[in-house]
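Structure record follows, encoded as structure tokens.
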Amino acid sequence: MKRKILVLVCVAFGLLLPAFSQTYDVVIRGGRVMDPESGLDAVRNVGIRDGSIAAVTADELAGKSVIDATGLVVAPGFIDLHSHGQDAENYRYKAMDGVTTALELEVGVWPIAPWYAAREGKALINYGAASGHIPACIAVMGDSGTFLPRDKVISETPTAEQQTQILADVEQGLREGGLGIGMGLAYTPRETPADILRVFELAARTRRTVFVHMRAPGGLTPGVVDSLQEMIADAAITGAGVHIVHINSMANKLTPVALEMIRGARAHGVDVTTEAYPYTAGNTFIESGVFNAGWQRQLDIGYGDLMWVATGERLTEESFDRYRKVGGSVILFTNTEEMVRMAMADPMVMIASDGMLAGGKGHPRSAGTYARLLGVYVRERKTLTLMEAIRRASLAPAERLEAASAQMKRKGRVRVGADADLVVFDPGTVIDRATYERPGEYSFGFRYVMVGGKLVVRDGKLDEAGMPGRAVRGDALQ
Ligand SMILES: [Zn+2]
């Protein structure tokens, strides 16, 4: 009799064991799973264990906690390649806009190691940066600017020794985990084409992509066409990849030409990609090289097309001169809706915010880019499909970085083995709320946002109990 009971207990335990081992940390149940890599678009249950996706199935799954995603879309968390705001405030806005990885790849940072160390264990979402050519120039040349150059880098040509040091610093940043090389030629106008070519050589040698704000916008010479020719030529000459940031605000009326150039270069084997944000206005600092003499002709705008971020006022010649001496953030109304729509419609164009808020002030793109993409350009205007929008906001940026960072192969996908960086949103209501007047408004409609298996947005509200954001770094240089 005793033996019989023992056998029964063993059988029962044996049956239960697999059931226990199949209990997931979290199950996202019954959502419309959209995976841009496989094309999966179907109702599925997603099981998450140890921060990774462990099951994507139509079968029932048991979880220690269960999220009901009925009627909601489950997609990879968005990867923002161009996110200047890299502090707690900005990470909150990003999380509420569906972003699970925010990367500062345009300006980049320098030095790299302390920047990563400062965020370790303290970030709501994943973070990373390029090794910044601009901050290296600021450091080597003793410019007084902090984020962007404001004097020496704009007015003085670097000596040969300085140039060597800048290159060495940028390379050091790559050794310390920089994801690529960040450049902004409009902000370092004294760098010669030959100097820039050296940076591309470094990128090719280290197999990193150059993320660049080009030399000049608009239809003059220099303008977007010759700026783009320079970048494509440098990429073709060296074999480096180049990513053209915010093609919308560089090309403006010439958006069709710029897209044609990028498409043509790609068709002929040049590794060139691009990105845009869904707004007609740009944003930069009034003291920067963008506003050097001749800016009105270059940008094809006047004083009244500038908005001073601190007060929301439109500028005049008098207030422009006054504020340029002080320095600060300014919004530039340069583009048309037609051109923005063209960029959003193009399958080549990734989505990136170029965002940065300080005390809730700045450009609405910082808080609203991804909700605006889904709410305005997918749902209202039908400029692109939902799957296509998801792809260009998650998988495409991940793929752009995979050659430099193996970590990115686990992001931008809803598949077994990928990081559990996920967004769960209502495609019928998701919408941006940030405006030029009120840029610090959270987006609406992202019901759950998960970073490495931990919720940072729960039922539409921030959950800052954990700080699950992890560093995304470039692989060791060979
Ligand atoms: Zn820029």
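A few points about this structure:
- Proximal lysines to residue 325, defined as alpha-carbon separation beneath 29 angstrom and excluding residues fewer than eight positions away on the same chain: 152, 361
- Subtracting the Cα-Cα distance of residue 175 and residue 415 from their residue separation scaled by 0.36 nm leaves 83.3 nm.
- Alpha-carbon centroids, segment 138-213 and segment 340-404: separation in whole Å: 27 Å
- If R0 is 51 Å, the Cβ-Cβ spacing of residue 50 and residue 296 corresponds to a FRET efficiency of close to 0.35.
- Rounded percent of accessible protein surface that carbon and sulfur make up, segment 349-478, 1.4 Å probe: 51 percent
- Relative contact order (%) - segment 143-220, alpha-carbon pairs under 8 angstrom, separation at least six: 33 percent
- As a calculated quantity, the FRET efficiency between residue 388 and residue 164 at R0 = 45 Å, using C-beta atoms, amounts to about 0.50.
- With 20 Å bins from 0: P(r) over the chain, alpha-carbon pairs, percent: 25, 55, 16, 3, 1
- Per-residue 3J(HN,Hα) values for segment 473-478, derived from phi via the Karplus relation 6.51 cos²θ - 1.76 cosθ + 1.60 with θ = phi - 60°, read 10, x, 5, 4, 6, 8 Hz in sequence order (x marks Gly and Pro).
- Considering only alpha-carbon pairs that sit under 8 angstrom and 6 or more positions apart, the relative contact order computed for segment 187-244 is 40 percent.
- Net length gained if the chain between residue 406 and residue 42 were fully extended (0.36 nm per residue, minus Cα distance): 128.2 nm
- Relative to the 2.2 N^0.38 Å rule of thumb, segment 353-478 has a C-alpha radius of gyration ratio of 1.12.
- The slack between residue 58 and residue 117, meaning 0.36 nm per residue of separation minus the straight C-alpha distance, is 17.1 nm.
- Per residue, the accessible area of the chain comes to 39 Å², computed with a 1.4 Å probe over protein heavy atoms only.
- Cα centroid of segment 71-89 to Cα centroid of segment 245-304, whole Å: 23 Å
- Estimated FRET transfer efficiency when R0 is 56 angstrom, pair residue 66-residue 233 (beta carbons, to 0.05): 0.55
- Calculated [θ] (222 nm, deg cm²/dmol) that DSSP helices of n ≥ 4 give over the chain, each run adding -39,500 (n - 2.57): -9500 deg cm²/dmol
- Rel. contact order, % - alpha carbon contacts under 8 angstrom, at least six apart, the chain: 20 percent
- Take every DSSP beta bridge whose two residues both sit in the chain; close to 55 percent of them are antiparallel.
The values are calculated or read from the model by the stated rules, or taken from the named source; none is laboratory data. All figures in this text were calculated on a predicted structure; none of them were measured in a lab. For neighbour counting, all protein chains shown are included, and Cβ atoms are generated from backbone atoms with ideal geometry for every residue, glycine included. These area figures cover heavy atoms from the full protein model, side chains too; ligands, DNA and RNA do not enter into them. Shrake-Rupley method; radii C 1.70, N 1.55, O 1.52, S 1.80 Å.
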